[in-house]
Amino acid sequence: MLDRYIAQRTLKKVRPSEQSYDTSQALASSQLYNEHADRLAVVFAPWHGSGLYGRRFVKRLVKSGSAVLDLEFHDNLLEANAPRVIASFASSSNEIINELKAVNSRHNYQALDFISVSLGTVVMVLVSEKVTDFTSVTMVVPGSSLARGVWQGQATQNIRDSLEQQGYTEESLDEEWQSLRPSEHVACFTGKPVHVVTSLTDQIVPPQLQQEMVDDLRMAGANVTVNTSNLGHYAAAARYYLFDKLSGQA
């Protein structure tokens, strides 16, 4: 299965926490395209970036007439240093909040769409608490809990192993990373249109955590639509990038 193959490659890429890494580097890149459009789409990339499909997705958004703020994150946004992970997410979300305020003050966009994929959803929900005037949200293979996703997902087993050696359990990590649980922030989406792409065969973000996120959004009063498939984590994201309806389009 594709998830298993890419998870094994990811495990080989993930190195022990870099001592030279600083949390100010958590937002690795931020690129604004077609900035003079009337509508802005903010794309929160997954862990290790979105690659070729993500670049094609940005082009699709630009072609549709939207400005795009494309955000990529440092690989150490997620690592086996639990306190530093919290600081990394805080740093990246604060930097994005400040950038959005600056960009919108220059262009005064008529609509603001948030689009997040996998791990990018954690950053997106933190931003949504401070930038509340967004128009719509799309979450692609999101999970309700970062800690539980790390513990159960195939691509993060080396991080889990290292955290276990430090004395963490799934429950204690979930408690320490409470502020990073997307489900803790669903009140931001009350009354908002939220489209969720889920996978029933996902081995990276367990389907149970995806369904919990959908349920929590509905309980919070978000206007949720769901597109579910059996494609797996990476294929579901790729299909969204290449073929699914874009935010703000009829």
Residues of the stretch 125-147 being over 11 Å from the mean Cα position of the chain (by Cα) and either surrounded by fewer than 22 Cβ atoms within 10 Å (Cβ to Cβ) or in a loop (DSSP other than H, G, I, E, B) (or both), in sequence order, are 129, 130, 131, 132, 133, 134, 135, 136, 144, 145
Filtering the stretch 200-250 down to residues that are polar (S, T, N, Q), part of a loop (DSSP other than H, G, I, E, B) and under 17 Å from the mean Cα position of the chain (by Cα) yields 203, 247
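Quick grid of which residues meet (1) surrounded by 14 or more Cβ atoms within 10 Å (Cβ to Cβ); (2) at pLDDT 60 or above; (3) at positive phi:
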position	(1), (2), (3)
2	yes, yes, no
5	no, no, no
10	yes, yes, no
16	no, no, no
31	no, yes, no
35	no, yes, no
38	no, yes, no
43	yes, yes, no
In the set 116, 172, 162, 144, the lone residue that is touching a strand residue (DSSP E or B) at 6+ places or on another chain (Cβ under 7 Å) and of a type in the set (Ser, Thr, Tyr) is 116
Across (1) buried (at least 19 other Cβ atoms within 10 Å of the Cβ); (2) of a type in the set (A, V, I, L, M); (3) out of contact with any Phe, Trp or Tyr (no Cβ under 7 Å at 6 or more places or on another chain); (4) within 20 Å of residue 234 (Cβ to Cβ), residue 52 clears everything bar (1)
Screening 116, 92 for residues that are touching a residue at least 24 places away in the same chain (Cβ under 8 Å), buried (at least 21 other Cβ atoms within 10 Å of the Cβ) and part of a helix (DSSP H, G or I) leaves only 92
Those residues of the stretch 149-197 which are assigned to a loop (DSSP other than H, G, I, E, B), in contact (Cβ under 8 Å) with a residue 12 or more places away in the chain and hydroxyl-bearing (Ser, Thr, Tyr) amount to 168, 190
By residue number, the members of the stretch 230-244 that are surrounded by fewer than 16 Cβ atoms within 10 Å (Cβ to Cβ) and under 20 Å from residue 50 (Cα atoms) are 242, 243
* Asked: Within the bounds of the stretch 123-134, is there any residue that is among the polar types (S, T, N, Q) and under 22 Å from residue 187 (Cβ atoms)?
  -> yes
Of the residues in the stretch 27-48, those that are farther than 20 Å from residue 90 by Cα and in a loop (DSSP other than H, G, I, E, B) come to 34, 35, 36, 37, 38
Scanning the stretch 67-123 residue by residue, those touching a helix residue (DSSP H, G or I) at 6+ places or on another chain (Cβ under 7 Å) and acidic (Asp, Glu) turn out to be 70, 79
Among (1) surrounded by fewer than 20 Cβ atoms within 10 Å (Cβ to Cβ); (2) in contact with an Asp or Glu (Cβ under 8 Å, 6 or more places away or on another chain), residue 172 falls short only on (2)
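The values are calculated or read from the model by the stated rules, or taken from the named source; none is laboratory data. The model shown is predicted, which means the values in this text are computed figures rather than measured ones. So basically every Cβ, Gly included, is an ideal-geometry build from the backbone, and we count neighbours across all protein chains shown.
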